[in-house]
Amino acid sequence: MTFILIHGSWHSAWNWHRLIPILEAQGHTAIAMDLPGMGRDKTPMAEVRMQRTVEKICAVIDNIPGKVILVGHSKNGIMVSQVAEYRPDKIAVSVYLAAYLVPDGKTQQEYSRRDTAGMLKPYVVRDESGQWHTLQAAVYKAGLYADCDDGIVELAKLLLGPEPVESGITPLRLTDANFGRVPRVYIACTQDRAVTPFIQQQMYTETPCEKVFHMETSHSPFFSRPQELADILCSLC
């Protein structure tokens, strides 16, 4: 099976570097993408739009024979959903890893605002243009990597970048005919302080999934428990 791995806010393809070798050792292919404006993709932040991001993911999927398992983390569960709407016949399973699972006509920001116990918001700094924001390093350990080794925190200080605002305020356009027929799986992180268990449960209850797995981790199990995460993903093949 081919796994397409979609990172969350402020991150890029590097955050899957511990998971990919485990998946590959099981005979699978894993492709970690840098979304537009993130990591090695140098699209100017002012030009990043959700539609462009979705099209980039679709283009990768279109070049892969057969179906893929599409995995989205955190904010970019919204990308997984919109791609499922556009490519329902190419996706075997949509996987939401502590991710925003948002229904038709709603935005990621609406659900983020409901998550009043999340600890990241006071540390988010918006650019004067209003087009992107960054996350202050003071909250990295407690908010994102509470159960991760300190080396990950140090990497994050070097590699985390700006996050585009537009995608978080863009309503999803989903239909039962397309998005609705792609099997969905949710992987909940029970110690998450970024996307808290409260809002995770609300989302996978409002938009039911075929399976819900629970990991006793913080927001980043691809760093803290990559083997356990890989075992869950491989069980979907």
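The values are calculated or read from the model by the stated rules, or taken from the named source; none is laboratory data. Bear in mind the structure is a predicted one, so any value in this text is a computation, not a measurement. All Cβ positions, glycine included, derive from the backbone under ideal geometry; neighbour counts span all protein chains shown.
Quick notes
- Put simply, of LYS106, LYS141 the only residue that is surrounded by 14 or more Cβ atoms within 10 Å (Cβ to Cβ), more than 28 Å from VAL83 (Cβ to Cβ) and within 19 Å of the chain's Cα centre (by Cα) is LYS141.
- Hey, VAL71 closer than 27 Å to PRO226 by Cβ, in contact with a helix residue (DSSP H, G or I) (Cβ under 8 Å, 6 or more places away or on another chain), in contact (Cβ under 8 Å) with a residue 24 or more places away in the chain and not in a loop (DSSP other than H, G, I, E, B) or not: yes
Each row is one residue, and each column tells you yes or no for (1) modelled with pLDDT of 95 or more; (2) of a type outside the set (D, E, K, R); (3) closer than 18 Å to ILE22 by Cβ.
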residue: ARG173; (1), (2), (3): yes, no, no
residue: ALA177; (1), (2), (3): yes, yes, no
residue: ASP192; (1), (2), (3): yes, no, no
residue: PRO197; (1), (2), (3): yes, yes, no
residue: GLU206; (1), (2), (3): yes, no, no
residue: PHE223; (1), (2), (3): yes, yes, yes
residue: ALA230; (1), (2), (3): yes, yes, yes
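- Filter result (surrounded by fewer than 21 Cβ atoms within 10 Å (Cβ to Cβ) and either under 15 Å from the mean Cα position of the chain (by Cα) or part of a strand (DSSP E or B) (or both)) within region 200-237: TYR204, LYS211, VAL212, PHE213, HIS214, MET215
- Output for region 79-110, where each listed residue is small (Gly, Ala, Ser), in a loop (DSSP other than H, G, I, E, B) and in contact with a Leu (Cβ under 8 Å, 6 or more places away or on another chain): GLY105
- The single residue among VAL195, VAL185 that is assigned to a strand (DSSP E or B), under 17 Å from SER81 (Cβ atoms) and either within 15 Å of the chain's Cα centre (by Cα) or without any contact (Cβ under 8 Å) to a residue 24 or more places away in the chain (or both) turns out to be VAL185.
- Restricting region 111-165 to residues that are among the polar types (S, T, N, Q) and part of a loop (DSSP other than H, G, I, E, B) leaves a set whose member that is nearest to MET50 (Cα to Cα) is GLN131.
- Of the criteria (1) among the hydrophobic types (A, V, I, L, M, F, W, C); (2) more than 21 Å from SER167 (Cα to Cα); (3) buried (at least 19 other Cβ atoms within 10 Å of the Cβ), which one VAL54 fails: (2)
- Counting only residues that are touching a Pro at 6+ places or on another chain (Cβ under 9 Å) and farther than 15 Å from PRO208 by Cα, region 65-107 holds 5 of them.
- Residue check, ARG18 within 25 Å of GLU128 (Cα to Cα) and either in contact (Cβ under 8 Å) with a residue 40 or more places away in the chain or assigned to a loop (DSSP other than H, G, I, E, B) (or both): no
- Pairing each residue of region 106-121 that is in contact (Cβ under 8 Å) with a residue 12 or more places away in the chain with any residue that is polar (S, T, N, Q), provided the two are 6+ apart or on different chains, yields C-beta distances under 8 Å for THR107/THR170; GLN108/SER167; TYR111/GLN202; ARG114/GLN202; ASP115/THR196; ALA117/THR196; GLY118/SER112; GLY118/THR196.
- Residue in region 73-80 that is buried (at least 16 other Cβ atoms within 10 Å of the Cβ), within 15 Å of MET33 (Cα to Cα) and of a type in the set (S, T, N, Q) present: yes
- Residue within region 50-66 that is modelled with pLDDT of 95 or more, of a type outside the set (Val, Ile, Thr), farther than 22 Å from THR175 by Cα and within 16 Å of the chain's Cα centre (by Cα) present: no
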